[in-house]
1. What pairs come out if I take residues in segment 69-84 that are closer than 14 Å to THR117 by Cβ and pair them with residues that are of a type outside the set (Phe, Trp, Tyr) and open to solvent by 100 Å² or more (accessible area, probe 1.4 Å) whose C-beta lies under 8 Å away, six or more apart or interchain?
2. Could you pull out the residue among ARG19, ARG30 that is touching a strand residue (DSSP E or B) at 6+ places or on another chain (Cβ under 7 Å), touching a residue at least 12 places away in the same chain (Cβ under 8 Å), surrounded by 21 or more Cβ atoms within 10 Å (Cβ to Cβ) and part of a strand (DSSP E or B)?
3. Look through segment 235-293, keep the residues that are among the polar types (S, T, N, Q) and touching a Gly at 6+ places or on another chain (Cβ under 9 Å), and return whichever of them is nearest to TYR153 (Cα to Cα).
4. Identify, please: which residue in segment 179-220 is assigned to a strand (DSSP E or B) and aliphatic (A, V, I, L, M) and is, among those, farthest from PRO272 (Cα to Cα)?
5. Residues that are over 21 Å from GLY245 (Cβ atoms) and touching a Pro at 6+ places or on another chain (Cβ under 9 Å): does segment 131-144 have at least one?
6. Which one is farthest from GLU31 (Cα to Cα) among residues in segment 137-172 that are more than 17 Å from the chain's Cα centre (by Cα) and in a strand (DSSP E or B)?
7. Quick one: GLY191 ticks every box in (1) surrounded by fewer than 21 Cβ atoms within 10 Å (Cβ to Cβ); (2) in contact with a strand residue (DSSP E or B) (Cβ under 9 Å, 6 or more places away or on another chain); (3) on the phi < 0 side of the Ramachandran plot bar one, so which box is it?
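The values are calculated or read from the model by the stated rules, or taken from the named source; none is laboratory data. Please read these numbers as outputs of a predicted model, since none were measured by experiment. All Cβ positions, glycine included, derive from the backbone under ideal geometry; neighbour counts span all protein chains shown. Ligands, DNA and RNA are stripped out before the accessible areas are found, and what is left, the full protein with its side chains, is counted by its heavy atoms. Shrake-Rupley method; radii C 1.70, N 1.55, O 1.52, S 1.80 Å.
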Amino acid sequence: MNTSAPSGTQLRIQHGEHRATVTDVGATVREYAVGERPVFVPFGEDEIAPASHGAVLVPWPNRLRDGRYTWEGKELQNPITEPRRGTALHGLACWQRWDVVSHEEAAVTLELALPATPGYPFSLTTRITYALSDAGLEVRVTARNTGTTTLPYGVGFHPWLSPGDASVDECTLRLDGRTRVTVDDRLLPTGTAPAEGDRDFTTPRLLAGIDLDDAYVDVVRDDDGLSWMALGAPDGTEAAIWMDGSMDTWQVCTGDHVDAPGYVRTGVAAEPMSCIADAFRTGERLVRLAPGEEHEVRWGATLRGA
């Protein structure tokens with residue numbers, strides 16, 4: 001166990017050919033592969049997560065306009081973490097060191113008692129379990145309000161699906177969502193529109209020349225109640241992510257504009273989320289978590305066609 005790596009303590013799990021490394025900084029999935037084929041775009045042990053790779057997005061996913069919102073009549077301000085768009089991006093937990101609750105051969109559980117801050121003056125404890133099986137990687141997250149006042153809450157995740165040995169332009173994308181969230185020049189929501197033309201991925205579409213940083217709702221589910229996003233490589237393999245009924249929003253990003261040299265358009269961010277951007281301000285799909293209440297979500301990933 002490396003406790004001094006810039007990415008954090010390395011927590012390795014394995015089941016058969018499935019192997020993953022989770023770090024205690026951010027409870028981040030640094031790598032997930034089946035055999036020699038990466039399912040997620042990995043980053044080095046000696047790197048800080050470059051573009052929210054593998055991050056847990058708590059207590060809000062995506063962007064918060066100006067880092068500011070009003071809760072119970074009080075205006076609260078969070079630090080601006082995306083200066084070029086003037087937003088607070090991806091919550092507060094990404095750079096916190098999570099406590100390791102348990103670490104077994106094929107599973108690891110971490111927990112974070114998020115410190116209260118001026119911009120989020122609440123008591124929130126989040127527990128996450130990553131578990132490997134023949135079916136792939138399964139992730140469960142439970143958030144609990146341990147304070148005395150109702151708090152605002154949303155959750156999301158930021159794995160980047162890997163194209164394997166191919167380029168993103170050679171791959172297809174399938175995304176189970178019929179409606180696209182429209183945005184302004186700061187990538188903040190303005191409304192919704194049907195997913196049409198080169199923004200319709202309900203059947204696989206080649207990604208050559210397509211630049212995405214879009215949210216999708218009105219999700220489609222299979223007979224098991226799962227909604228999927230899959231990156232299909234030319235060799236017939238698919239790096240795929242699913243979410244169950246606990247979440248109903250996808251964010252997809254091709255990484256054309258990430259501030260991470262060496263990671264531009266090297267994968268596709270496939271982000272299951274409980275709400276879209278700016279939910280703390282709009283209230284759309286926002287969870288109001290009362291004292292003592294819990295909120296649980298479940299998602300997973302796998303390699304198909306190998």
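1. Taking only residues 6 or more apart or on different chains, the pairs are TYR69/GLU75; TYR69/ARG281; LEU76/PRO118; GLN77/PRO118.
2. Values: ARG19 fails: surrounded by 21 or more Cβ atoms within 10 Å (Cβ to Cβ).
Answer to the check: ARG30.
3. Step one: of segment 235-293, the residues among the polar types (S, T, N, Q) are 237, 246, 249, 251, 254, 266, 274, 282.
Next, from what is left, pick out any that are touching a Gly at 6+ places or on another chain (Cβ under 9 Å): 237, 249, 251, 254, 266, 274.
Values: THR237: 36, THR249: 15, GLN251: 17, THR254: 26, THR266: 31, SER274: 9 Å.
The extreme case among them is SER274.
4. Just the residues of segment 179-220 that are assigned to a strand (DSSP E or B), to begin with: 179-183, 189-194, 205-206, 213-219.
Imposing the further condition that a residue be aliphatic (A, V, I, L, M) reduces the set to 181, 183, 193, 206, 215, 217, 219.
Details: VAL181: 14, VAL183: 18, ALA193: 19, LEU206: 21, ALA215: 10, VAL217: 11, VAL219: 11 Å.
Once the filter is applied, the top-ranked residue is LEU206.
5. First, pick out the residues of segment 131-144 that are over 21 Å from GLY245 (Cβ atoms): 132, 134.
Still in the list and also touching a Pro at 6+ places or on another chain (Cβ under 9 Å): none.
There is no residue in segment 131-144 that is over 21 Å from GLY245 (Cβ atoms) and touching a Pro at 6+ places or on another chain (Cβ under 9 Å).
6. Kept after step one, since they are more than 17 Å from the chain's Cα centre (by Cα), are these residues of segment 137-172: 144-152, 163-172.
Then drop every residue that is not in a strand (DSSP E or B), which leaves 144-145, 151-152, 172.
Working: ARG144: 27, ASN145: 30, LEU151: 32, PRO152: 31, THR172: 22 Å.
Selected residue: LEU151.
7. Checking GLY191 against (1) surrounded by fewer than 21 Cβ atoms within 10 Å (Cβ to Cβ); (2) in contact with a strand residue (DSSP E or B) (Cβ under 9 Å, 6 or more places away or on another chain); (3) on the phi < 0 side of the Ramachandran plot, the one that fails is (3).
Here's the yes/no breakdown for (1) under 26 Å from LEU89 (Cα atoms); (2) of a type in the set (Ser, Thr, Tyr):
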{"residue": "TRP160", "(1), (2)": "yes, no"}
{"residue": "LEU187", "(1), (2)": "yes, no"}
{"residue": "ASP198", "(1), (2)": "no, no"}
{"residue": "ARG205", "(1), (2)": "no, no"}
{"residue": "TYR216", "(1), (2)": "yes, yes"}
{"residue": "ARG221", "(1), (2)": "no, no"}
{"residue": "MET229", "(1), (2)": "yes, no"}
{"residue": "ALA239", "(1), (2)": "yes, no"}
